[in-house]
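Q: Questions regarding the structure given below will be posed in turn.
What follows is calculated from the coordinates using simple rules that are stated; it is not laboratory data. If you're wondering where the values come from, they're calculated on a predicted model, not measured in any experiment. Here Cβ is always computed from backbone atoms with ideal geometry, including for glycine, and neighbour counts include all displayed protein chains.
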Ligand SMILES: CC(C)(COP(=O)(O)OP(=O)(O)OC[C@H]1O[C@@H](n2cnc3c(N)ncnc32)[C@H](O)[C@@H]1OP(=O)(O)O)[C@@H](O)C(=O)NCCC(=O)NCCS
């Protein structure tokens, strides 16, 4: 897999050195609010997670999101494809922009568009879905902007911060992706 370039960002393989920054993000309550993480993570947990990637299918390895900064690149998040289903040509996506200063600047949307393109044009998928907590307004907006449609609601499926929240299932099909690309 080669580096995936967008206009302002790129998706590259995750390196061991990234783990130090991931450790900060996965322990930041504001970042993890919308994620399925609810306990403090140690550096050992993070290193074990990184080591476990060696055994993971190449298609499901996480990707680091970097933004262009002058002539350099700066790590701002990560994303990935999981639950790859070869028979039904489907998979799920996940994303985290851990650098909060970079929220609301369009990087999340650009990353989702790049990742969806990767799913359809490289991994040859037909359906790409994701799960998002109903109160995660920013994430829902990003997915809508990237062309994902809400298709289901798992009522009170997650318990966070002392209350239940619904989990929305959103997806985009290859035909919809192709149509949007044609219209652009
Ligand atoms: C969700 C996340 C990926 C979004 O990334 P981002 O780079 O901030 O997203 P973008 O800048 O591309 O778009 C954000 C959009 O949400 C909108 N938004 C922000 N806060 C909002 C709110 N409270 N209500 C409604 N819309 C909101 C912004 O205005 C923008 O929409 P616009 O372009 O129409 O104005 C990022 O915030 C993140 O990683 N958060 C922590 C982890 C997480 O929740 N991941 C998703 C798990 S499902």
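Q: If you wrap a convex hull around the Cα atoms of the range 103-184, how much volume per residue is inside, in Å³?
A: 94
Q: May I ask for the distance between the Cα centers of the range 60-101 and the range 110-124, given as a whole number of Å?
A: Centre-to-centre (Cα) distance: 10 Å.
Q: Among bridges DSSP assigns within the chain, what percent are antiparallel (round to 5)? Could the numbers behind the result be given before it?
A: Details: 36 of 39 bridges.
Within the chain, antiparallel bridges account for around 90 percent of the total.
Q: For the range 167-184 and the range 5-31, write down the distance between their C-alpha centroids in whole Å.
A: The range 167-184 and the range 5-31 have Cα centres separated by 26 Å.
Q: Place the peptides 82-94, 135-147 in order of packing, highest mean first, counting for every residue the other Cβ atoms within 10 Å and averaging per peptide.
A: 135-147, 82-94
Q: Now for a separate question. Convex hull over the Cα atoms of the range 1-138, averaged projected area in nm²?
A: Working: hull surface 34.9 nm².
With the hull built on Cα positions only, its mean projection is 8.7 nm².
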